[in-house]
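*Asks:* Here it is, the structure, as C-alpha cells.
The values are calculated or read from the model by the stated rules, or taken from the named source; none is laboratory data. Given the structure is predicted, the values throughout are model-derived calculations rather than measurements. Positions of Cβ are generated from backbone atoms using ideal geometry, with glycine treated the same way; all protein chains shown enter the neighbour counts.
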Amino acid sequence: MGTGRDVEPCQQYPPATTAEELNHLVEVIKDWSIGNGLAVRTPPAVISPEADPTKITAVPAPVTLFPTAFPRQAFMQGQKAQNAYNELVIDGDDFVRDLWAVHETVKSEGYTQPLSLGLFRSDYMVHEDKSSEPPAAQAKQVEFNTIAASFGGLSVCTSKLHKFLAKTEYPLISQPLAPGALDLPENNAISGLAGGIEAAYHAYGDSELGHDKCVIFLVQGGERNVFDQRHLEYQISKSTPTIPVFRLAFTDIMEHTSLAKSCKRQLLYALPTNRSKVFEVAVVYVRAGYGPGDYPDQQTWDARCHLERSHAIKCPTVLTQVAGIKKVQQILATPRPLSEPSILSKFIQDDTPSAVALWNTFTNIYPMDTSDVGLEARKKALDPEQCVDYVLKPQREGGGNNIYGSAIPDFLKQVPDAHWNSYILMELIKAPAEINLILRNGNVENGRVISELGIYGTCLWNQETGEVIRNEQAGWLLRTKGEDSQEGGVAAGYGCMDSVSLI
C-alpha cells in the first residue's frame, strides 16, 4: 500500500491514525452525518424491511474519513468546461429528436411551453498525460447527466463535514494536519441547483387561471436518497415569498395532476391531503424516469407524455434527456479524419474557447454499429487483449450498467448482434490511485482509491428562439471508490461521498 500524496513536505497523507483515534473519528463522523443530513434511508442489507416496515430509519451516507487529494489543474478544467457543456445540450437536431415517440406525439399537437430547464452534471476522471514532463493531470469526461443528476445536496454536506473535521479533529491526531494545511474549496451545489429551479419558477410568469404556483419534485417510490433531494427542497422553501414545493411519485402522476382545458394546457396539481386546493405547476423537477425500470407499462409512458404536453417548465424535457444518452456523447467524441468537420462544430464553432474546452475533456468513444468505425470497435471489443482498455456502455444513465475490460467479449456473445448498436465503446480512463479510508455502514475500508469529479451546471433557455436566460456552473461532487471497483455510483452501492483537497 502506497503512502499517498504529500500535502506538506515529508508528511504522509492521509495521516496515520491509532486504533483509538480511528474509532473516535468514526464516531464523530457518524453523529455529524446524521445531525446534518449527510444520510440515506437504511439499505435492506443493514436493516431488513420487516424490521423497519414504516421506513423511519436512516444511516450515514458512505463517506471518506479524509478529503481525497485531487489535482487543482483538473478541477479547474472541469469547472471551466461546464458552461460550454450547458450550451451544447440546449441544441439538438431531428435525428435525435425523432428517436422519441413522446416527443413526436407532443410535436404533432404543438408544444405550449418554449422554456426548458436543465440541471446538469458532467462527470470526469483524472487522466495523467505522460507525454508531458512532468505528467499533466487532465479531466476526461466519463459521461454527461441531463436527468436526475443527483448528490448535489449530499456533496455540500460532505464538504462541510471535511471542513469541520479539518478544524476540530485532524489537528488533534498523533500525526496532525494543521488548520489550513488542506485546500478545501467552497461548494455551492445546493444554492446553485436550487437557484436554477427558482429562476425557472419566476420565468414561468403569473398564473392565468388564478391558482397559486408550485414546484413538483417527481420522484421514485421508496427513494433511499431522499435527503439529497430534500436539501434542494428546503433551500427553495427559504425564498421570499415562499415557493411551494411538493413531492410526487412518478407512478402517481395521473392520479394527482390534470391538464387545464385551455390552449396552454396548464398542469394542475390537486393536493392529496386536500383535493380542493389546486396549484398550477410552474416547474417539474424530474428525479425519476431515467431508466427502463421507471416505465413498466404503457400507463407510465402515458404519464410522461401527459407531463410533456403540459405548460409546466420541465427539468428536463424529453429532448434534453435524449441529449444526455451515451450514444449522443459517442457521436460527438468519435475520432474523425482532420479533413472532415466534427459533429461538435454543428453546435459550437470550432476553434472557439468553448470548443477547445470541450475537446480537451473528450476521450475516444466509438459506436458499436455496422459503420466502418463501428466494425473496428467490434473487433476491439471482442479481442481478449485489446478489450481490457475499454468499457462498454448502454444508452442509459445510472451506475451499475457498464461492462468492463475482459468481461466485454463474453457479454457480447450473449447479446444478439442486432442489439450491439445500442452500446458504445469508450476508452477506459486509467486514473491514478490515492490512499484513503471509507466509512460504509459502520465499517472502515482502508486502501487505494480512485475518484470521479462531477461538475454541476444550470441552464434555462427558450427552445424556440435559442435565447439563453441562465447558464451557470453550480458546484461540484466527488465520489470515490476502491481502486478495483469498476462502478462508482453511490446510490447503486459502489462508491462513497468525498470532497477534494486540491494539490
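*Asks:* Give me the strands (runs of 3 or more DSSP E) completely within the stretch 42-130, filtered to those with at least 2 residues that are modelled with pLDDT under 90 and surrounded by 13 or more Cβ atoms within 10 Å (Cβ to Cβ), ordered by residue number.
*Replies:* Ranges flagged: 115-129.
*Asks:* Further, regarding this structure: Kindly establish whether Gly222 is under 20 Å from the mean Cα position of the chain (by Cα) and at pLDDT below 95.
*Replies:* yes
*Asks:* Among (1) assigned to a loop (DSSP other than H, G, I, E, B); (2) more than 16 Å from the chain's Cα centre (by Cα), which single condition is Pro171 missing?
*Replies:* Among (1) assigned to a loop (DSSP other than H, G, I, E, B); (2) more than 16 Å from the chain's Cα centre (by Cα), the lone unmet condition for Pro171 is (1).
*Asks:* Which one of these does Arg5 not meet: (1) surrounded by 15 or more Cβ atoms within 10 Å (Cβ to Cβ); (2) among the charged types (D, E, K, R); (3) modelled with pLDDT of 80 or more?
*Replies:* Result: Arg5 passes all but (3).
*Asks:* Looking only at the stretch 477-501, how many residues end up being more than 17 Å from Tyr456 (Cα to Cα), modelled with pLDDT of 65 or more and of a type in the set (Asp, Glu)?
*Replies:* 2
*Asks:* Go through (1) crowded, with 24+ Cβ neighbours inside 10 Å; (2) more than 21 Å from the chain's Cα centre (by Cα); (3) of a type outside the set (D, E, K, R) for Ser159 and report which single condition fails.
*Replies:* For Ser159, the failing item is (2).
*Asks:* Let me spell it out: the conditions are (1) farther than 30 Å from Glu27 by Cβ; (2) outside any helix (DSSP H, G or I), and Ile450 meets all of them except one. Which number is the exception?
*Replies:* The number of the failed condition is (1).
*Asks:* Right, here's the next one. Keeping to the stretch 273-319, report how many residues are in a loop (DSSP other than H, G, I, E, B) and either outside the structural domain of Glu233 (by the TED database) or free of Cβ contacts under 8 Å to residues at least 12 places away in the same chain (or both).
*Replies:* Residues flagged as in a loop (DSSP other than H, G, I, E, B) and either outside the structural domain of Glu233 (by the TED database) or free of Cβ contacts under 8 Å to residues at least 12 places away in the same chain (or both) within the stretch 273-319 amount to 8.
*Asks:* Determine whether Leu392 is assigned to a helix (DSSP H, G or I), under 30 Å from Gly289 (Cβ atoms) and within 20 Å of the chain's Cα centre (by Cα).
*Replies:* The answer is no for Leu392.
*Asks:* Does Ala194 satisfy the condition of being buried (at least 24 other Cβ atoms within 10 Å of the Cβ) and in the same structural domain as Ala323 (by the TED database)?
*Replies:* yes
*Asks:* Related question: Taking the condition crowded, with 23+ Cβ neighbours inside 10 Å, in contact (Cβ under 8 Å) with a residue 24 or more places away in the chain and not assigned by the TED database to the domain that holds Asp31, does Ile455 pass?
*Replies:* In short, no.
*Asks:* Can you name every residue in the stretch 271-287 that is over 14 Å from His306 (Cβ atoms) and touching a helix residue (DSSP H, G or I) at 6+ places or on another chain (Cβ under 7 Å)?
*Replies:* Those that are over 14 Å from His306 (Cβ atoms) and touching a helix residue (DSSP H, G or I) at 6+ places or on another chain (Cβ under 7 Å): Pro272, Ala282, Val283, Tyr285, Arg287.
Yes/no matrix, rows are residues, columns are (1) charged (D, E, K, R); (2) crowded, with 19+ Cβ neighbours inside 10 Å:
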| position | (1), (2) |
| --- | --- |
| Ile190 | no, yes |
| Gly205 | no, no |
| Gln220 | no, yes |
| Lys238 | yes, no |
| Val286 | no, yes |
| Pro292 | no, no |
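*Asks:* Within the stretch 53-74, take every residue that is in contact with a strand residue (DSSP E or B) (Cβ under 6 Å, 6 or more places away or on another chain) and β-branched (Val, Ile, Thr) and give me the one that is nearest to Pro185 (Cα to Cα).
*Replies:* The extreme case among them is Thr68.
*Asks:* If I filter the stretch 148-159 for residues that are modelled with pLDDT under 95 and in contact with a helix residue (DSSP H, G or I) (Cβ under 9 Å, 6 or more places away or on another chain), do I get at least one hit?
*Replies:* Yes: the stretch 148-159 contains one or more residues that are modelled with pLDDT under 95 and in contact with a helix residue (DSSP H, G or I) (Cβ under 9 Å, 6 or more places away or on another chain).
*Asks:* Can you report the number of residues in the stretch 208-247 which are of a type in the set (Lys, Arg) and part of a helix (DSSP H, G or I)?
*Replies:* Counting residues in the stretch 208-247 that are of a type in the set (Lys, Arg) and part of a helix (DSSP H, G or I) gives 1.
*Asks:* Within the stretch 405-446, restricting attention to residues that are at pLDDT below 90 and assigned to a strand (DSSP E or B), which residue is farthest from Gln386 (Cα to Cα)?
*Replies:* By that ranking, first place goes to Tyr423.
*Asks:* Here's a follow-up. Restricting attention to the stretch 366-388, does a residue exist that is of a type in the set (Lys, Arg) and closer than 16 Å to Phe144 by Cα?
*Replies:* No: the stretch 366-388 contains no residue that is of a type in the set (Lys, Arg) and closer than 16 Å to Phe144 by Cα.
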